[in-house]
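Please treat every number below as a calculation from the coordinates, not as lab data. Remember, it's a predicted structure, so these values are computed and weren't measured experimentally. Cβ sites come from the backbone with ideal geometry, for glycine too, and all protein chains shown count toward neighbours.
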Amino acid sequence: MSQIFTAIVYWEEDVYVAQCPEVGTATQGETIEEAMANLKEATELYLEEFPPSMMNL
């Protein structure tokens with residue numbers, strides 16, 4: 001099953017910060033692409049531990 005989540009990316013001091021507000025994950029990277037890749041990985045790992053059926057999405 002595939003789901004679509006929001007990604008918010010912004011510049012903070014000297015890194016890009018990426019957040020997924022629906023899940024609550026957040027990461028950072030030196031580039032937007034790195035921040036997004038890190039966010040995807042962090043969100044996937046989070047959802048493995050806490051599947052969407054447990055989150056009431």
message: Please compute the modelled spin-label separation between residue 13 and residue 42, points set 7 Å along Cα→Cβ, answer in nm with one decimal.
response: 1.4 nm
message: Angle check, please: helix 32-49 long axis (alpha carbons) against the longest principal axis of the chain (alpha carbons), in degrees 0 to 90, nearest 10.
response: 20 degrees
- prompt: In the calculated pair distance distribution of the chain, what percentage of Cα-Cα distances lie above 17 Å?
  reply: 34 percent
